[in-house]
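Student: Okay, handing you the structure first.
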Amino acid sequence: DNEQLLARMWKLVSAGNSGGHPLLRSLNDFKGRQTWEYDPNAGTPEQRAKVEELRANFTKNRHTQHHSADELLRLQCASKIASKQYSPPSDPLPEGAIPDPTRVANHLKGAISFYECLQQDDGHFPGDYGGPMFLFPGMLITLYTTGTLDTVLSPQHKQEAIRYLRNHQNEDGGFGLHIEGGSTMFGTTLNYVSARILGVGPNDPLTVKARQWIHARGGAHWVTSWGKFWLAVLGVHSWDGLNPMPPEMWLLPYQKWTGIGYLHPGRFWCHCRMVYLPMSYVYGARGTCADTDLTAALRGELYPMPYKSIDWNKARNQVAKEDLYYPHPPVQDVLWWALYQAEGLLCGSWLRKKALAECMRHIHYEDENTRYVDIGPVNKVINMLACWLEDPNSEAFKRHLPRLHDYLWVAEDGLKMQGYNGSQLWDTSFAVQAIAETGLLDVSASCLKKAHMYVEQSQVIEEAQAPLSEFYRHVSKGAWPFSSRDHGWPISDCSSEGLKAALVLARLPADRVGTPIPPERLYDCVNVILSYQNFDGGMATYENTRSFHALEVLNPSETFGDIIVDYSYVECTSACVTALCEFRKSYPNHRAGEIVRALDRAEAFIRSIQRPDGSWYGSWAVCFTYACWFGVSGLAARGYSYDSDKAVARACEYVLSKQAPDGGWGESYLSCQDKVYAQLPGPSHVVNTAWAMLTLITGGYHVSRDPAPLHRAAAYLMRAQLASGDWPQQHISGVFNRNCMITYANYRNIFPIWALGLYRRAVLLGEDVSH
């Protein structure tokens, strides 16, 4: 039947140029680019049957296992996996047995052999970076509005997108903010609209249940501000029902001495800034889809009352209780009321025209300096919409279209939009460190050599277009990005992990893993890392903290926390500390005094934010387990250990207190949103277990204490390993802005390898692994 026809074979294409698309540009021949292409002739009948089996299994278990396991990627690599050199031991590890070094080495050989099968020719490790449920709808609304839906999405894309919606609709009929979250108005309203744009009818069980959920909570005007924005773009929510996003804010003075300069959006966290930049343009221009039969139908479907009867002024501040993570403080309500009153004067004025032109100047700068990838999926599609509103026939708009595919990922649960154009450099840098830590170079040399290629090719070696200050950009040259060089935004922890990977590889034989990156390029990276240090001694993400933390009172999102300024984080600070410490070992005379002073201040910051119970709160993965690894690693790099330092000891004891009876650790994503440790139900999580092991071993717990907890943890990881050498995909591991979870599909491979490798060498063989 038609569904079977559409469910033929998808294939991942790495470093592809979309068939030589004339509007695509790259700095390094598209290294790291990941796109999925449908090939009706690909695959044997057996492989196609296997695809259907994988899809059916996911759908059957979708309400208990929300997370796809990247099975289509693994199926594409099946021939490599079948012919790999090593597999883990097949005989079960006896209950209560202490693993021996040979047994652990054999598990590691199987794991590395498997993981190398997923590695691409350009050296990176691909993987699903989905999870959020609000990204794909924004792209669909933009494509529908601009008339390019069928240009970008084939029938097969649409079929897989519908599959994804059916698989991730909650049992109550709603959709969450992310795949494991409870239903929200934001998720439900936008995904209802997505289904209708994709051709799902209003009487389909999917839409009927979702509409009932929406109506039971008052209607779609109870959606959060980002949801109101997208509905207004589509023409199914009045612009009068939004709190203002005036583009005139981009005309404010930036200089601090003016006082008001602290409120300039150039001082916002870059992800916040780069989303509200095109949002303010579209709001200021009232960019709205032309009326169609579908938009007319949606105005009737989304609300339990007549559309014309809705009080849009009141709707501005109406948000469903399921969505309200960050309520408006009173000062916001006063501010939005004042701006709302002023909007009638600003619309169509000379000031509005000047502000819109200023916004487009910054939008074009962002597009050009990221090769139209843009910093993330939200600003990507709104930038594209802004370019179309400015000129539907512009080359800028047309250049956006092929880069949309950089954000799309296909797995057994369907087609999704990722939270970035991937996590390629981040994952590859971690993979290098993990695999090198095993000491099994005879097994891993070819894998490390290819990874070295990707690390070298992904470093930012040219600055963004000058003048940086005019466009509020931080220094980039020498940094490593999160994903690919074409993306190019510099990040503190990605630069640090990239630098550590480069240093690790430089210490291995060049004839086995490739020529080291020249010192001058490493010096450039150190320059970037040092530039990230804030007044509090910590390091933020992409830029320094540019305004007061109190500015968070203006956070208008309702859904996300801590978005207005770029804060210092334990993860970013520790990554910078460990990178600088490793760099000093190889280059002790380069900026020695500056590095020592930076390390002293960073160490003090790490200590200052440790909680009384010994933990650190994690902002970028789940959660306390993750942050404790970073906190302890930063202090250990400075020479402290369980025996010599109370902060390290308290962190290790905290982690030990969370060990489960099965020997592992399992922390729920609820820890992130509630900021209190939450235990996962059921078996432990292999990624949390690996982080806990890395914390204890890096902290030196095993040196003077009974290593029995580590033996039990290692045994858990070994028992959890699959016969292929892979590990199972369990609950979601990543987070951003406190409240939204995101997938890191490679973590299930990287961190068990790292933990078992370090365990074998440090605990079982007694090696000094302090590098």
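Student: Going through the range 579-589 one residue at a time, which ones are open to solvent by 20 Å² or more (accessible area, probe 1.4 Å) and assigned to a helix (DSSP H, G or I)?
Tutor: Hits for the range 579-589 are Glu582, Arg584, Lys585, Ser586.
Student: Where residues in the range 429-484 are within 17 Å of Asp29 (Cβ to Cβ) and polar (S, T, N, Q), which of them is most open to solvent (accessible area, probe 1.4 Å)?
Tutor: In this case the residue turns out to be Gln457.
Student: Let me ask something else about it. Condition first: of a type outside the set (Lys, Arg), touching a Ser or Thr at 6+ places or on another chain (Cβ under 7 Å) and over 24 Å from Arg399 (Cβ atoms). Can you find one or more residues in the range 132-152 that meet it?
Tutor: The answer is no, given that none of the residues of the range 132-152 is of a type outside the set (Lys, Arg), touching a Ser or Thr at 6+ places or on another chain (Cβ under 7 Å) and over 24 Å from Arg399 (Cβ atoms).
Student: Considering (1) surrounded by fewer than 20 Cβ atoms within 10 Å (Cβ to Cβ); (2) touching a residue at least 24 places away in the same chain (Cβ under 8 Å); (3) in a helix (DSSP H, G or I); (4) hydroxyl-bearing (Ser, Thr, Tyr), say which one Thr102 fails and leave the rest.
Tutor: Exception for Thr102: condition (2).
Student: While we're on this one: Going by the conditions given, is Phe397 more than 24 Å from Tyr747 (Cβ to Cβ) and of a type in the set (Phe, Trp, Tyr)?
Tutor: Criteria met by Phe397.
Student: Next question, about the same structure. Do you know which residues across the range 671-726 are in a helix (DSSP H, G or I), free of Cβ contacts under 8 Å to residues at least 24 places away in the same chain and over 26 Å from Ser641 (Cα atoms)?
Tutor: Asp674
Student: Report, by residue number, each residue of the range 538-574 that is surrounded by 20 or more Cβ atoms within 10 Å (Cβ to Cβ) and on the phi > 0 side of the Ramachandran plot.
Tutor: Within the range 538-574, just Glu558 meets the criteria.
Student: Residues in the range 682-692: is at least one in contact with a Ser or Thr (Cβ under 8 Å, 6 or more places away or on another chain), open to solvent by 10 Å² or more (accessible area, probe 1.4 Å) and over 24 Å from Ser574 (Cβ atoms)?
Tutor: no
Student: For the range 660-672, name all the residues that are crowded, with 20+ Cβ neighbours inside 10 Å and not small (Gly, Ala, Ser).
Tutor: Once the filter is applied, which keeps residues that are crowded, with 20+ Cβ neighbours inside 10 Å and not small (Gly, Ala, Ser), the range 660-672 yields Trp665, Glu667, Tyr669, Cys672.
Student: Please count how many residues of the range 332-376 are among the polar types (S, T, N, Q), open to solvent by less than 10 Å² (accessible area, probe 1.4 Å) and over 24 Å from Arg403 (Cα atoms).
Tutor: 1
Student: Return the residue satisfying two criteria in turn: it lies in the range 112-169 and is hydroxyl-bearing (Ser, Thr, Tyr) and not in a loop (DSSP other than H, G, I, E, B), and of such residues it is most open to solvent (accessible area, probe 1.4 Å).
Tutor: Ranking the qualifying residues of the range 112-169, first place goes to Thr151.
Student: Show me the helices (runs of 4 or more DSSP H) entirely contained within the range 303-399 in which 2 or more residues are in contact (Cβ under 8 Å) with a residue 12 or more places away in the chain and more than 14 Å from Pro244 (Cα to Cα).
Tutor: Helices (runs of 4 or more DSSP H) meeting the threshold: 350-369, 377-390.
Student: Any residue at all in the range 406-417 that's under 30 Å from Ala755 (Cβ atoms), open to solvent by 30 Å² or more (accessible area, probe 1.4 Å), in contact (Cβ under 8 Å) with a residue 24 or more places away in the chain and within 24 Å of the chain's Cα centre (by Cα)?
Tutor: Taking every residue of the range 406-417 in turn, none turns out to be under 30 Å from Ala755 (Cβ atoms), open to solvent by 30 Å² or more (accessible area, probe 1.4 Å), in contact (Cβ under 8 Å) with a residue 24 or more places away in the chain and within 24 Å of the chain's Cα centre (by Cα).
Student: Also, quick follow-up: Can you tell me which residue within the range 703-757, out of those that are under 30 Å from Asp768 (Cα atoms) and basic (Lys, Arg), is least open to solvent (accessible area, probe 1.4 Å)?
Tutor: Arg748
Student: So which pairs qualify, if the first residue must be in the range 38-53 and over 15 Å from Arg74 (Cα atoms), the second must be aromatic (Phe, Trp, Tyr), the Cβ gap must be under 6 Å, and the two must be at least 6 apart or on different chains?
Tutor: Pairs found: Tyr38/Trp10.
Student: Which of the residues belonging to the range 223-270 are over 16 Å from Cys289 (Cα atoms), open to solvent by 10 Å² or more (accessible area, probe 1.4 Å) and among the small types (Gly, Ala, Ser)?
Tutor: Within the range 223-270, Ser225, Gly259 qualify.
Student: Does the range 748-764 include one or more residues that are modelled with pLDDT of 95 or more, part of a loop (DSSP other than H, G, I, E, B) and over 21 Å from Cys652 (Cα atoms)?
Tutor: For the range 748-764, residues modelled with pLDDT of 95 or more, part of a loop (DSSP other than H, G, I, E, B) and over 21 Å from Cys652 (Cα atoms): absent.
The values are calculated or read from the model by the stated rules, or taken from the named source; none is laboratory data. Please read all numbers here as calculations on a predicted model, not as lab measurements. When we count neighbours, we look across all protein chains shown, and the Cβ atoms used for this are built from the backbone with ideal geometry, even at glycine. Heads up: the accessible areas ignore ligands, DNA and RNA and are worked out on the full protein's heavy atoms, side chains in. Shrake-Rupley method; radii C 1.70, N 1.55, O 1.52, S 1.80 Å.
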